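Single-structure report; data block below.
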Amino acid sequence: MRRTVVTLVGAALVTAACSAPRATTPSPIAEPVPPTTTSATPVPTTTTPPPAPPCTVTTGACVSLAQRLAWLLRDGRVVRGPVPAGFGPPDQATPAGSFHVVWKDREHRSSQYGTDMPNSVFFAAGGIAFHAGPLDAPSHGCVHLTDADSAAFFDGLNVGDAVQVL
């Protein structure tokens, strides 16, 4: 008798579970979102290429006074730039012309003005150099560059490399 009871109880459970009403379609939680259509035509993007260096230098540095930009070049390729540059005011103008790197000093201090000139690369008479300095403050004829750019010019220029300032 015990066996029959177990069977009946098991059968009752199966029957109860199987006889529960089933939904034929699931009820939606939210309305389905219709697919969106997008334009198949891509939106054109325009990017203006950076200005090319106006100099004839292939290895060295190019400076445009009018554009307030500088480039570092190696074997005819721009390796850095254009980068923003600051210059001297009219009464202490940065000299234009063709020059060569004469000497370099990573931690130079001006004996004439008593100011630090980090990453100095000297290229013209009178102590004219590329060096780190504020772009919004006039120099005494030097080419001011940001800290990162002056470090790149210091590392990228060698004594004897050409420097053209236009």
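The values are calculated or read from the model by the stated rules, or taken from the named source; none is laboratory data. In this text, all values refer to a predicted model and were calculated from it rather than measured experimentally. With ideal geometry, Cβ positions are generated from the backbone for all residues, glycine too; neighbour counts draw on all protein chains shown.
Just checking, does the stretch 64-78 include any residue being within 11 Å of V143 (Cβ to Cβ), outside any strand (DSSP E or B) and not charged (D, E, K, R)?
yes
Is there a residue being within 30 Å of the chain's Cα centre (by Cα), outside any loop (DSSP other than H, G, I, E, B), closer than 27 Å to A137 by Cα and modelled with pLDDT of 95 or more anywhere in the stretch 46-61?
Yes - at least one qualifying residue is present in the stretch 46-61.
Residues in the stretch 84-101: is at least one in contact (Cβ under 8 Å) with a residue 60 or more places away in the chain, surrounded by 12 or more Cβ atoms within 10 Å (Cβ to Cβ) and farther than 20 Å from A162 by Cβ?
For the stretch 84-101, residues in contact (Cβ under 8 Å) with a residue 60 or more places away in the chain, surrounded by 12 or more Cβ atoms within 10 Å (Cβ to Cβ) and farther than 20 Å from A162 by Cβ: present.
Out of the stretch 120-150, which residues are within 21 Å of the chain's Cα centre (by Cα) and farther than 21 Å from D75 by Cβ?
Residues satisfying the conditions are H131, A132, G133, P134, L135, D136, H144, L145, T146, D147, A148, S150.
Would you point out which residue out of H108, H131 is over 21 Å from P84 (Cα atoms) and surrounded by 15 or more Cβ atoms within 10 Å (Cβ to Cβ)? Before the answer, list the steps.
Details: H131 fails: over 21 Å from P84 (Cα atoms).
On inspection, the qualifying residue turns out to be H108.
Picking from A152, A132, A125, A137, which residue would you name as being under 20 Å from P53 (Cα atoms) and either in contact with a Gly (Cβ under 6 Å, 6 or more places away or on another chain) or of a type in the set (A, V, I, L, M) (or both)?
Unique residue meeting the criteria: A152.
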